[in-house]
Amino acid sequence: MAAQTYFHLHSLRCLPVPLKIQNPQNQTHRFKRNPVVCKLRVAVIGGGPAGSSAAEALATGGIETFLFERSPATAKPCGGAIPLCMLDEFSIPLNLIDRRVTQMRIVSPSNLVVDFGKTLKPHEFIAMLRREVLDSFLRQRAESSGANLLKALVTNLVVPTSSREPYVIHYTMDNCQHQLAVDAIIGADGANSRVAKSIKAGNYTTAIAFQERIKLPEDKMGYYENLAEMYIGNDVSPDFYAWVFPKCDHVAVGTGTVCSKSNIKSLQHAIRARVKPKIEGGKVIKVEAHPIPEHPRPVRVRGRVALVGDAAGYVTKCSGEGIYFAAKSGRICGEAIVKASEGGESMINEDDLKREYLRKWDDKYFSTFKFLDVLQKVFYGNNAAREALVELCGDEYVQRMTFDSYLYKELASGNRWEDAKMAMNTISSLVRCNIMGREVEASAQKILSRV
């Protein structure tokens with residue numbers, strides 16, 4: 001963009017002193033700015049892992065950054081499992097980890113149990129954190145890097161009609177109305193993203209996750225010291241799975257579904273029934289529910305606005321994992337803006353965001369998301385397929401490949417001969433469990449007809 005366009009846009013908001021407040025109930029929020037030099041100004045809407053990681057990358061790269069989070073004390077309901085690579089890549093302090101899970105059990109619809117951690121190496125584990133702890137740490141780090149943290153609710157976003165004009169954010173803070181003009185926006189405000197709606201980014205299918213935090217007696221909690229469990233079956237979820245994940249002094253017990261959201265409470269009752277002996281005597285200390293995207297939005301960049309995390313739809317099928325991908329997408333997007341703007345010295349445009357952010361993201365993760373989408377369709381369609389999945393999980397080669405891909409966030413490259421054997425075993429398990437499933441169903445129908 002021509003230099004005169006850049007300075008015209010910035011002249012709309014480069015003020016040496018704060019604007020005078022004409023109406024206490026309709027304030028325009030400004031900050032003292034250098035009257036000569038105006039850095040690129042970017043707002044990040046949403047202070048979860050995606051938004052905080054984006055804000056940190058922006059501020060570290062010299063961008064004037066504003067991070068909006070309406071409710072810092074709360075966090076999205078979430079299993080809270082993060083892969084090993086995230087600890088190093090995002091410098092997560094080890095003292096934030098509640099539990100180091102080295103045993104993962106997966107339980108089939110018929111209650112076949114497979115230990116899914118036999119191939120973990122001595123240094124490997126799945127970190128379990130509380131989201132409120134992780135989110136708070138990432139926000140504070142973004143703030144210490146230079147981002148302006150605003151504990152505010154964004155109420156409206158005015159999209160400019162010209163590339164020469166700024167975006168204007170309307171928000172409520174301390175019971176007063178404010179406005180802030182910015183050059184670009186990163187939407188990290190979750191599945192129901194207001195930013196996505198403002199740029200007409202299109203709709204997507206959402207699942208719902210429902211979770212109860214249950215404080216257990218000391219002896220019961222000891223059982224889950226380093227153990228996490230996954231339960232699959234139509235009773236707990238017709239298209240996903242249920243979980244019991246250990247935290248500091250409680251377990252998170254929850255489930256999720258896309259196609260049966262209205263029945264989420266009955267599905268939750270079902271998972272509680274399946275784990276009843278293990279959680280008996282526990283006390284529910286918190287109940288949480290939240291929408292989760294099922295696929296990327298049709299539009300993730302428009303104008304000088306980019307979507308990241310749940311707002312963009314970066315949650316994997318099959319596993320429902322989103323924390324790492326949220327933080328990673330935020331960082332990639334923030335770094336893309338820093339690079340395209342030359343550290344905040346130049347204006348950016350839609351092509352910059354698509355080239356430096358979307359292309360990099362899709363090149364790295366598109367195949368992973370598609371692969372997990374296929375697995376979801378193959379193994380979560382009915383109980384027979386779920387039985388086959390659990391049966392396959394008993395194979396140590398399957399476990400090693402799964403953990404290598406999960407822990408290090410890259411599709412693991414395996415042995416050709418072992419891959420061929422795994423493919424044949426998959427087909428064999430699916431055929432066998434389908435036949436068994438039909439036989440069981442036929443027997444059940446006969447019994448019902450006699451009643």
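Every number here is computed from the coordinates shown, using simple stated rules; none is lab data. Bear in mind the structure is a predicted one, so any value in this text is a computation, not a measurement. Cβ placement follows ideal geometry from the backbone for every residue including glycine, while neighbour counts extend to all protein chains displayed.
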In whole µm²/s, the translational diffusion coefficient that Stokes-Einstein assigns to segment 203-313, given a Kirkwood hydrodynamic radius over C-alpha pairs, 20 °C and 1.002 mPa s, equals 141 µm²/s
If you average the C-alpha positions of segment 244-262 and of segment 104-177 separately, how far apart do those two centres end up, in angstrom? 18 Å
With θ taken as phi - 60° and the coefficients 6.51, -1.76 and 1.60, list the Karplus ³J(HN,Hα) couplings across segment 207-213 in order, rounded to whole Hz; mark glycine and proline as x. 9, 10, 10, 10, 8, 10, 8
Reciprocal of mean inverse Cα separation for segment 239-295 (Kirkwood radius, Å): 12.5 Å
Taking H placed 1.01 Å from N in the peptide plane, check which residues at least 5 places from Phe240 or on another chain put their amide H under 5 Å from its amide H. none
Rounded to one decimal in nm, the spacing of the 7 Å Cα→Cβ label points at Asp373 and Val284 is 3.6 nm
Kindly put Val338, Val168, Val390 in sequence by how many other C-beta atoms sit within 10 Å of each C-beta, fewest to most. Val168, Val338, Val390
Below 17 Å, Cα to Cα, which lysines can Lys276 reach? Residues fewer than 8 away in the same chain don't count. Lys215, Lys220, Lys265
Under the 0.36 nm per residue contour assumption, what length would be gained going from the current alpha-carbon distance of Leu96 and Asn349 to full extension? 87.3 nm
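Give me the percent of Cα-Cα pairs in segment 116-227 that sit more than 24 Å apart, rounded to a whole number. Can you show the working numbers first?
On the way: 3362 of 6216 pairs.
Cα-Cα pairs in segment 116-227 separated by more than 24 Å: 54 percent.
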If we count every other residue with Cβ under 14 angstrom of Asp239's Cβ, Lys/Arg +1 and Asp/Glu -1, where does the sum land? +1
Give me a comma-separated list of calculated 3J(HN,Hα) values for segment 240-246, in order, Karplus coefficients 6.51, -1.76, 1.60 applied at θ = phi - 60°, integers in Hz, x for any Gly or Pro. 8, 8, 10, 9, 10, 10, x
Please list, ordered by chain and number, the residues whose modelled amide H lies under 5 Å from the amide H of Leu149; skip anything fewer than 5 residues away on the same chain. Leu67
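With 10 angstrom as the radius, rank Val113, Val251 by how many other C-beta atoms surround their C-beta, starting from the fewest.
Val113, Val251
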If each K or R counts +1 and each D or E counts -1, the residues other than Cys318 whose Cβ falls under 13 Å of its Cβ total 0
On full extension of the chain, what length is gained from Asp363 through Asn382, given 0.36 nm per residue of separation minus the C-alpha to C-alpha distance? 3.6 nm
Just want the ordering: Cys85, Cys78, from fewest to most Cβ atoms lying within 10 Å of their own Cβ. Cys85, Cys78
What is the distance, in nm, between label points placed 7 Å from the Cα along the Cα-to-Cβ direction at Asp115 and at Ser162? 7.0 nm
Label-to-label distance, nm, for residues given as Tyr408 and Cys248 (7 Å Cα→Cβ offset): 3.3 nm
Please express the Cα-Cα pair-distance distribution P(r) of segment 63-129 as a list of whole percents, one per 5 Å bin, running from 0 to the bin with the greatest distance. 3, 12, 17, 17, 18, 13, 8, 6, 4, 2, 1, 0
